[in-house]
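A short worksheet on the structure shown next.
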Ligand SMILES: [Zn+2]
């Protein structure tokens, strides 16, 4: 009888830790199986707000569904933890706030199709062609900002996923001279870039929030696309 009761307990959907492990979203289970890690398990001080898992994004729709945590390849998550440590060593009251990390291929199509009015060559500045794959699809890229301890983002001059010159790191000098960005906004971006670069990430021309842990070529050679 006791064995029977224990068995029932173990199979019950209300049995605490057991049911929680079953409740882990399929998309996260698949990522773990592919060897990715939850960045907050590597560094619990990193803040996460996956914008594509909310309606507060350029599509205006939740394209991630169950995926609410930030996963990356272990080498990329280690680099992110180094950036986080560097940031806090220099600015004890600031934290990294992650907006996007590993992105499943299906979500890449949703984002690509959400910009039908932009010609494909223009669209590629903002969303990688799903046929080629984004570095996010390999778990080797991260979108993020710097925030206070209670997750209030610093003013970077634009919101995340602002599509236009104001978000281009390559135009900051010009935008400062013409008064479209302030020195404070550029300094805030510099805090983010310095922490990320010294940890081994590279930045890109069109988005202040995007950083790569590996080039697309290297990511492609080393890893599979996240399903
Ligand atoms: Zn990105």
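The values are calculated or read from the model by the stated rules, or taken from the named source; none is laboratory data. Note that the structure is a prediction, hence the values are computed from the model and not measured. Heads up, the Cβs are rebuilt from the backbone with ideal geometry, glycines too, and the neighbour counts pull from every protein chain shown.
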Answer with yes or no whether residue 111 is in contact (Cβ under 8 Å) with a residue 12 or more places away in the chain and more than 13 Å from the ligand (Cβ to nearest atom). no
Would you be able to tell me the number of residues in region 195-227 that are under 14 Å from residue 83 (Cα atoms), without any contact (Cβ under 8 Å) to a residue 24 or more places away in the chain and either assigned to a loop (DSSP other than H, G, I, E, B) or more than 13 Å from the ligand (Cβ to nearest atom) (or both)? 1
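Conditions tested, residue by residue: (1) modelled with pLDDT of 95 or more; (2) in contact with a strand residue (DSSP E or B) (Cβ under 7 Å, 6 or more places away or on another chain); (3) under 23 Å from residue 58 (Cβ atoms).
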site: 161; (1), (2), (3): no, no, yes
site: 167; (1), (2), (3): yes, no, yes
site: 184; (1), (2), (3): yes, no, no
site: 189; (1), (2), (3): yes, no, yes
site: 205; (1), (2), (3): no, no, yes
Just to verify a result, which residue in region 70-91, among those that are closer than 19 Å to residue 28 by Cα and part of a loop (DSSP other than H, G, I, E, B), is farthest from the chain's Cα centre (by Cα)? 73
Is it the case that residue 162 is more than 12 Å from the ligand (Cβ to nearest atom), part of a loop (DSSP other than H, G, I, E, B) and farther than 17 Å from residue 72 by Cβ? yes
Run down 127, 59, 39 and say which single residue is closer than 17 Å to residue 151 by Cβ and buried (at least 16 other Cβ atoms within 10 Å of the Cβ). 39
Would you mind stating whether residue 128 is in contact (Cβ under 8 Å) with a residue 12 or more places away in the chain and either more than 15 Å from the chain's Cα centre (by Cα) or assigned to a helix (DSSP H, G or I) (or both)? no
Could you tell me which numbered condition residue 49 fails, if it satisfies all but one of (1) over 29 Å from residue 163 (Cβ atoms); (2) modelled with pLDDT of 90 or more; (3) surrounded by fewer than 20 Cβ atoms within 10 Å (Cβ to Cβ)? (1)
Flag for residue 148 being in contact with a strand residue (DSSP E or B) (Cβ under 7 Å, 6 or more places away or on another chain), under 23 Å from residue 48 (Cα atoms) and without any contact (Cβ under 8 Å) to a residue 60 or more places away in the chain: yes
